[in-house]
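**Q** Handing you this structure, nothing more for now.
The values are calculated or read from the model by the stated rules, or taken from the named source; none is laboratory data. Just so we're clear, the structure is a prediction, and the values are computed from it rather than from any experiment. Counting neighbours? That spans all protein chains shown, and the Cβs are built from the backbone with ideal geometry, glycine included. Only protein heavy atoms, including side chains, enter the accessible area calculation; ligands, DNA and RNA are left aside. Shrake-Rupley method; radii C 1.70, N 1.55, O 1.52, S 1.80 Å.
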Amino acid sequence: HRIYKAADSSGNIAVAITKIIIIQDVESPLLNIGDSNVSHEANSTWVETGFSAYDAGDASHAGNDGNLTLQVVRTGSVNQNILGSYVLTYRVSDMVGNLAEQNRTVHIVDTTPPTLALVGDAIVSLNFGEAWSEPGFTVSDNYSDLNESNVTVTGAFAAEGSIVPAGTHVRTYRAVDS
């Protein structure tokens, strides 16, 4: 506070006036969570992408907390094994209670296509009139539980045991996950 006093040239003294100066910290800390909307591949480990918090200003002045990163509280969780959206909330307060809060939405997605592998060679030679016997294939996926029923096979002689006519024939194997 400040006290103001005055006197005139005759020595008359005015009543003193007191001024109270209140300096308030009303600004929230600076909270940085980076990208607030993140996509992450299913069944791969989710790792926190980071955050920081700081009470702005010159740290030598009273009322400034400086680095508040260690005081940030994160709530919510991410299940990288289940597709969906998960909200993480980050909160931090400075020493006088000014709150900063931000949300990050993590979308667990499956963008990896299934893997198909042929058993044996991709080029098969048969004698004229010989019956076709499917050598087999395997299918796998990073998220979905796939098996042979998830594979579509097309081509000139899709049926097992078909007699293969002379010529070159193409069989196509296609798998789609859910």
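**Q** Give me the pairs, please: first residue somewhere in region 97-126 and over 22 Å from T45 (Cβ atoms) and free of Cβ contacts under 8 Å to residues at least 24 places away in the same chain, second residue anywhere and open to solvent by 60 Å² or more (accessible area, probe 1.4 Å) and not in a loop (DSSP other than H, G, I, E, B), beta-carbon distance under 8 Å, and either six or more positions apart or on two chains.
**A** Listed by first residue and then by second, the contacts come to A117/T138; V119/T138.
**Q** For region 63-81, give me each residue that is open to solvent by 40 Å² or more (accessible area, probe 1.4 Å), in a loop (DSSP other than H, G, I, E, B) and free of Cβ contacts under 8 Å to residues at least 40 places away in the same chain.
**A** D65, G76, S77, N79, N81
**Q** Hey, does region 156-173 have a residue that's free of Cβ contacts under 8 Å to residues at least 60 places away in the same chain, closer than 29 Å to N37 by Cβ and of a type in the set (S, T, Y)?
**A** Of all residues in region 156-173, those free of Cβ contacts under 8 Å to residues at least 60 places away in the same chain come to 156-173.
Now restrict to residues that are closer than 29 Å to N37 by Cβ: none.
No, region 156-173 has no match at all.
**Q** Of the residues that make up region 148-170, is at least one out of contact with any Ser or Thr (no Cβ under 7 Å at 6 or more places or on another chain), under 30 Å from I82 (Cα atoms) and surrounded by fewer than 11 Cβ atoms within 10 Å (Cβ to Cβ)?
**A** Yes - at least one qualifying residue is present in region 148-170.
**Q** Given the criterion over 30 Å from S140 (Cα atoms) and part of a loop (DSSP other than H, G, I, E, B), identify the matching residue among S44, S10. If you could, list the steps in order and put the result at the bottom.
**A** Details: S44 fails: over 30 Å from S140 (Cα atoms).
The conditions single out S10.
**Q** Another question about this same structure. For region 103-119, give me each residue that is open to solvent by 60 Å² or more (accessible area, probe 1.4 Å) and assigned to a loop (DSSP other than H, G, I, E, B).
**A** Selection gives T111, P113, V119.
**Q** List, please: which pairs have Cβ atoms under 8 Å, are six or more places apart or on different chains, and start with a residue in region 19-41 that is open to solvent by less than 100 Å² (accessible area, probe 1.4 Å) and end with one that is acidic (D, E) and not in a loop (DSSP other than H, G, I, E, B)?
**A** P29/D55; L31/E101
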